[in-house]
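The values are calculated or read from the model by the stated rules, or taken from the named source; none is laboratory data. Since the structure is predicted, the reported quantities are computational estimates derived from the model, not experimental observations. Methodologically, a virtual Cβ is constructed for each residue, glycine included, from the backbone with ideal geometry; neighbour enumeration extends over all protein chains shown.
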There are 2 protein chains.
Amino acid sequence: MLLHPLFAQLERHAPLTPAERQALTDLVTAPRRFAAGVDLVQDGDRPRECRVLLTGQAFRHKTLADGRRQISAFHVPGDVLDIPGLFMSLDHGVCALTACEVAVLPHSRLQAAFQAHPNLALAFWSISLIEAAIFREWMLGIGRRTAYARVAHLFCEMILRLRAMGLSDGVRAPFPVTQQHLSDALGLSAVHTNRVLQQLRGQGLLSFSGGELVVMDWPGLQAAGEFDAAYLHT
Amino acid sequence: MLLHPLFAQLERHAPLTPAERQALTDLVTAPRRFAAGVDLVQDGDRPRECRVLLTGQAFRHKTLADGRRQISAFHVPGDVLDIPGLFMSLDHGVCALTACEVAVLPHSRLQAAFQAHPNLALAFWSISLIEAAIFREWMLGIGRRTAYARVAHLFCEMILRLRAMGLSDGVRAPFPVTQQHLSDALGLSAVHTNRVLQQLRGQGLLSFSGGELVVMDWPGLQAAGEFDAAYLHT
DNA sequence: CGAACAGTTGATCAGGATCAACTCGAGTGG
DNA sequence: CCACTCGAGTTGATCCTGATCAACTGTTCG
């Protein structure tokens, strides 16, 4: 049951057959452990394997020469960290937020499994499309929403995604990011993120400290973030 | 040779076999024509077919209730407009910028072709991943680049993508968008976009009017946009 | 004990938004 | 044929969201 988080992601649209599950189980190598802050996936790399996050959290980022950084995704268990690496070299890095356990699926054996079980390829494709849908929603937020709505929206998303993986009850969730991480994800400065957080706290919508998010007023938070979960395709 | 633009996109990583090309040719129905301004793909739709842009240009957008709009992509011939529709309902619309010709690939027959030619599915998957890479680059721009760099960067991208489809010589390219379209793609106001364009023109980097982009100083434009084409994976 | 980092606060600044008005075609209909 | 409208582009004036700079607190950790 090592790959259980991955199966949960892959089965969001259609269940896998026992044979498909077995094929994945057969090809995975021993999971690797990484410490917080380590790069799980390197920018510019042309990987020979797919990494799947089993435990812990991570984030995807592009960083410019002068240090400006954009975080394009936060990753929860079950997420495949480098699907693009199946086809091309990576144009971004993935960095561990916490200690992480990562399953490794060698490309050669994964591609063989795709040949033997075409639906497996479709399932991986499908989760890469959901990730793209999240990118579009983030673009909408960064481009067109206020800082206040952006922060609220991100917290709504993370609560739901973590709940889908059994890591949250919908009220409290582990989200071990600094305010700087939030800023880099939302296109804000750290100072302004801090002030928006104080607003959200002051309105009794949530608390966020020590890497834990607690939603105290879910309808209020959704409204503040103009949040509609349709784009998550759960 | 109706599908020639699609083949050009699909073959960016590996050539298709004659059998694979034939399979696509066999399943395409008569192309449809659309007028400028018409929605080619409707938000919320759950399509039964894939649409491929053959001629003309289009853009992908999410629009909020109050009219704020984020354009998440501009599409050139050969682009598949609704790959996510293979797996899920669409969370955005695609609108024609010009009169367009669109090829229609029914899902049922496309899926059969994927079964018969697994590499076809991989090729479609691959172009959906390139699109996601572009999304990430746009996020970086909207979140972390100045308005000036954003505008320059977008023009660099469009010149290269249009050139890859044989629609530009690398100097001049058809790009029939209004300044409002640019603003909605870049997360700016129309007024500010106008002023940035004047700057870029004033520095002799480009001219942009009547739906035509002319690059007068390519190195200068690249520098202004902090542009590195790696993310296009050409 | 001292670094180093995350968070917080205040003061100031600026990039870009907003509002409003005007120009300039390109239709379009009387 | 002209008046009218409408959309796109342009300009100026003003405002404001959020950036920047700097200092300070608290905590953790070596």
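Just to be sure, is A:L129 within 16 Å of DNA strand D (Cβ to nearest atom), under 20 Å from B:M88 (Cα atoms) and without any contact (Cβ under 8 Å) to a residue 60 or more places away in the chain? So A:L129 fails the test. Sub-6 Å Cβ pairs linking a first residue in the stretch A:1-12 that is within 19 Å of B:M88 (Cβ to Cβ) to a second residue that is assigned to a helix (DSSP H, G or I) and of a type outside the set (V, I, T), at least 6 apart or interchain, are A:L10/A:A123, ordered by first then second residue. With respect to being away from DNA strand C (no atom under 14 Å from the Cβ), on the phi < 0 side of the Ramachandran plot and in a helix (DSSP H, G or I), A:A173 falls outside the description. Out of all the residues in the stretch A:38-86, which are within 14 Å of the chain's Cα centre (by Cα), in a loop (DSSP other than H, G, I, E, B) and not small (G, A, S)? If the condition is that a residue be within 14 Å of the chain's Cα centre (by Cα), in a loop (DSSP other than H, G, I, E, B) and not small (G, A, S), then A:Q57, A:V76, A:P77, A:D79, A:L81, A:D82 are the ones that fit.
Tell me whether the stretch A:179-188 contains one or more residues that are surrounded by fewer than 18 Cβ atoms within 10 Å (Cβ to Cβ), away from DNA strand D (no atom under 14 Å from the Cβ) and modelled with pLDDT of 95 or more. Among the residues of the stretch A:179-188, not one is surrounded by fewer than 18 Cβ atoms within 10 Å (Cβ to Cβ), away from DNA strand D (no atom under 14 Å from the Cβ) and modelled with pLDDT of 95 or more, which makes the answer no.
Scanning the stretch B:198-208 for residues that are of a type outside the set (F, W, Y) and either more than 12 Å from DNA strand D (Cβ to nearest atom) or not in a helix (DSSP H, G or I) (or both) returns B:Q203, B:G204, B:L205, B:L206, B:S207.
For the stretch B:66-85, the candidate set comprises residues that are small (G, A, S) and within 12 Å of chain A (Cβ to nearest Cβ); within that set, the residue that is farthest from B:W125 (Cα to Cα) is B:G67.
So which of A:R195, A:R163 ends up being charged (D, E, K, R), without any contact (Cβ under 8 Å) to a residue 60 or more places away in the chain, within 16 Å of DNA strand C (Cβ to nearest atom) and part of a helix (DSSP H, G or I)?
A:R195
Could you tell me how many of the residues in the stretch B:165-188 are touching a Ser or Thr at 6+ places or on another chain (Cβ under 6 Å) and of a type in the set (A, V, I, L, M)?
Adding up the residues that qualify gives 1.
Anything in the stretch B:128-175 that is of a type in the set (S, T, Y) and closer than 16 Å to B:P77 by Cα? List them, or say none. Selection gives B:S128, B:S168.
B:M88 meets each of the listed conditions (1) surrounded by 22 or more Cβ atoms within 10 Å (Cβ to Cβ); (2) within 9 Å of chain A (Cβ to nearest Cβ) apart from (1).
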